[in-house]
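The values are calculated or read from the model by the stated rules, or taken from the named source; none is laboratory data. What you are looking at is a predicted structure, and each value in this text was computed from that prediction instead of being measured. Glycine also receives a Cβ, built like all others from the backbone with ideal geometry; neighbour counts cover every protein chain displayed. Protein only, heavy atoms only, side chains kept; ligands, DNA and RNA dropped before computing areas. Shrake-Rupley method; radii C 1.70, N 1.55, O 1.52, S 1.80 Å.
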2 protein chains.
Amino acid sequence: MNPLDSARWPGSDPRTQDPCLGCAGKRFGICHPLDASALDEISHDSDRHCLPAKSVLFREGDAAARAFSVLEGTVKLSRLLPDGRQQVVGFRFRGDLVGYTAGPTYPFDAELLTPGQFCRIERGRLDTLLRRYPLMERRVLDLCLGELAATQEHLVTLARRSAESRVAAFLLGLSDAHRRRGLAQPELPMPMTRGDIGDFLGLTLETVSRTFTAFKRSGWIAEPGGQKLRILDMGMLQSLAAGEMADI
Amino acid sequence: MNPLDSARWPGSDPRTQDPCLGCAGKRFGICHPLDASALDEISHDSDRHCLPAKSVLFREGDAAARAFSVLEGTVKLSRLLPDGRQQVVGFRFRGDLVGYTAGPTYPFDAELLTPGQFCRIERGRLDTLLRRYPLMERRVLDLCLGELAATQEHLVTLARRSAESRVAAFLLGLSDAHRRRGLAQPELPMPMTRGDIGDFLGLTLETVSRTFTAFKRSGWIAEPGGQKLRILDMGMLQSLAAGEMADI
DNA sequence: CGACTTCTTGACCCACATCAACCGACGTGG
DNA sequence: CCACGTCGGTTGATGTGGGTCAAGAAGTCG
């Protein structure tokens, strides 16, 4: 399981869907398995809204009153540590469910890295819907299981891999997450900063920067600018991510 | 959320239950929210069995054909890395559900550290039961959400904390996990080896050993033998786990 | 008792953190 | 228009926490 991508798409190909039409009217995200009448009902319970980059969906510790289905954009989930630094728990993309948690409060901040669109639903309404539509609850369970597998995968990365292996794994994960959603573009958008990546991978931003330049010098990746990234040697990144040592 | 303890017990106190009676006949683990008739039905679908220490419930990559509800014992979940080392993803105790995963195969090994008892159920039967009993599916979702929160907590530990902070957090987590289940004993059982702990915390067994001896010399913990551990200065461990530096 | 596993302790070293300087892009206000 | 601040990124110099290697000690079990 890809540590960057917690989504699972049983039974249909997400690439054939138009995510921008959102919850109401389209089977997307958690609404994926619903039929027409259920979709009609849910459209009364949720609302869609757009937000600019850097806006905050919620903060760690806020009452977990709403869940968000990501229709478009990239979300950074992070946790503030006692010493003031942050740990990025994950990134979320379209189709992901954000903010449906076990406890009464959100366990992390959710912040937009790009402009985004969301389908927002009250926690209580969602719970009611889950009770009424077992297929939807099943879907949430699947999303949760997928997220769990992704987080465990990420755990292994943090615990055991070298800096270059982590960065390689991150790039591959990002690529995979985007390939499974939008069309496979040669240039994949990478809205996160070196600092974000470092906080995700348990490295400093300097180490991330050094590793990126090393990868670029070796001709394995390129950054054409505009927050885009192009992977030139997928195989090399894969063997790096797998732990094989490369003297850059 | 305690990174060692993914369990959540909504609505009732687990300490009043007799876990050894297991799934059939008692509301325990995933059967927790079921009524009598449902329990009767489930008893035909599951079977109970006992296993000695070091036995393997399943291996990474095996077809995920069965799920296990832990009635007694400690389970180590680990993943074999390409370089031959292992990453311990977590430990599971009584009341936890083991082996119910998103994918068609198990994503990690499950191995017993102590003799254990389990309620075993076929994956397909469990899926059927989940469809029939929404309360049970809801319970599985809650367990999954709890496990997710615990894994994310562990993620932070691995990414950011120092060796002594990790060990302190591990000890506190172990203590908490046991306090929430069995009676709070002054000596808590610790069946895992230094190597297991190191593989859980992303440290070498030598570093774990050194940290344990440092803690013992400082009088914060004691190991009376027999795989038992006694925490002498909980407050000190807490401030260590929180990241405050202590020159041991 | 001997075989085996686990634990401990020491010596050494390296990957990465830390500290610091600098660059270019961008926005803002005088 | 330029001066200035800010932010993200790059690069270098230096230090250190914990990995690695190695050798014994201490259980533990047949």
Using the structure shown, decide if residue B:158 is open to solvent by less than 30 Å² (accessible area, probe 1.4 Å), facing chain A (nearest Cβ under 9 Å) and within 15 Å of DNA strand C (Cβ to nearest atom).
-> yes
Condition set within 16 Å of DNA strand C (Cβ to nearest atom) and surrounded by 23 or more Cβ atoms within 10 Å (Cβ to Cβ), scope region B:162-173, selection nearest to the other protein chains (Cβ to nearest Cβ): answer is B:166
Could you tell me which numbered condition residue B:243 fails, if it satisfies all but one of (1) more than 10 Å from DNA strand C (Cβ to nearest atom); (2) crowded, with 22+ Cβ neighbours inside 10 Å?
-> (2)
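Just one of A:112, A:143 is more than 16 Å from DNA strand D (Cβ to nearest atom) and not polar (S, T, N, Q); which is it?
Values: A:112 fails: more than 16 Å from DNA strand D (Cβ to nearest atom).
From the options A:112, A:143, the qualifying one is A:143.
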Picking from B:37, B:69, B:46, which residue would you name as being away from chain A (no Cβ under 14 Å), touching a residue at least 60 places away in the same chain (Cβ under 8 Å) and of a type in the set (Ser, Thr, Tyr)?
-> B:46
Based on what the data block shows, is residue B:219 at positive phi, of a type outside the set (S, T, N, Q) and not assigned by TED's automatic domain parsing to the domain that holds residue B:95?
-> yes
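Just checking, which of B:152, B:185, B:238, B:227 is at positive phi and either surrounded by fewer than 18 Cβ atoms within 10 Å (Cβ to Cβ) or more than 11 Å from DNA strand D (Cβ to nearest atom) (or both)? Explain how you work it out, then say what you get.
Working: B:152 fails: at positive phi; B:185 fails: at positive phi; B:238 fails: at positive phi.
Step by step, each of B:152, B:185, B:238, B:227 is checked, and only B:227 is at positive phi and either surrounded by fewer than 18 Cβ atoms within 10 Å (Cβ to Cβ) or more than 11 Å from DNA strand D (Cβ to nearest atom) (or both).
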Answer yes if at least one residue in region A:72-91 is assigned to a loop (DSSP other than H, G, I, E, B), aromatic (Phe, Trp, Tyr) and touching a helix residue (DSSP H, G or I) at 6+ places or on another chain (Cβ under 9 Å), and no otherwise.
-> no
Hey, among the residues in region A:188-210 that are open to solvent by 20 Å² or more (accessible area, probe 1.4 Å) and of a type in the set (Asp, Glu), which one's farthest from DNA strand D (Cβ to nearest atom)?
-> A:199
Wholly enclosed helices (runs of 4 or more DSSP H) of region A:137-237 bearing at least 2 residues out of contact with any helix residue (DSSP H, G or I) (no Cβ under 9 Å at 6 or more places or on another chain) | A:163-179, A:205-217
Look at residue B:213 and say whether it is surrounded by fewer than 17 Cβ atoms within 10 Å (Cβ to Cβ), within 14 Å of chain A (Cβ to nearest Cβ), farther than 20 Å from residue B:1 by Cβ and within 14 Å of DNA strand D (Cβ to nearest atom).
-> no
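Does region B:181-197 contain at least one residue that is out of contact with any Gly (no Cβ under 6 Å at 6 or more places or on another chain), within 16 Å of DNA strand C (Cβ to nearest atom) and of a type in the set (Lys, Arg)? Full working, then the answer.
At the first step, the residues of region B:181-197 found to be out of contact with any Gly (no Cβ under 6 Å at 6 or more places or on another chain) are B:181-197.
Right, trim to within 16 Å of DNA strand C (Cβ to nearest atom) and you get B:187-197.
Within this subset, residues satisfying the condition of being of a type in the set (Lys, Arg) are B:194.
The answer is yes; a qualifying residue exists.
Conditions (1) of a type in the set (D, E, K, R); (2) over 19 Å from the mean Cα position of the chain (by Cα); (3) over 30 Å from residue A:80 (Cβ atoms), marked per residue:
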position	(1), (2), (3)
A:162	no, yes, no
A:190	no, no, no
A:199	yes, no, no
A:219	no, yes, yes
A:229	no, no, no
A:234	no, yes, yes
A:239	no, yes, yes
A:243	no, yes, yes
Residues satisfying the stated conditions in region A:93-113, i.e. among the aliphatic types (A, V, I, L, M) and open to solvent by 10 Å² or more (accessible area, probe 1.4 Å) = A:97, A:102, A:113
Taking region A:103-151 and keeping only residues that are within 20 Å of the chain's Cα centre (by Cα), away from every other protein chain (no Cβ under 14 Å) and not acidic (Asp, Glu), one is left with A:112, A:113, A:114, A:115, A:116, A:117, A:118, A:119, A:120, A:121
Selection within region B:114-127 - in contact with a helix residue (DSSP H, G or I) (Cβ under 8 Å, 6 or more places away or on another chain) and surrounded by fewer than 20 Cβ atoms within 10 Å (Cβ to Cβ) = B:117, B:122, B:125
Mind checking whether some residue in region B:123-136 is at pLDDT 90 or above, farther than 27 Å from residue B:175 by Cβ and of a type in the set (Ser, Thr, Tyr)?
-> no
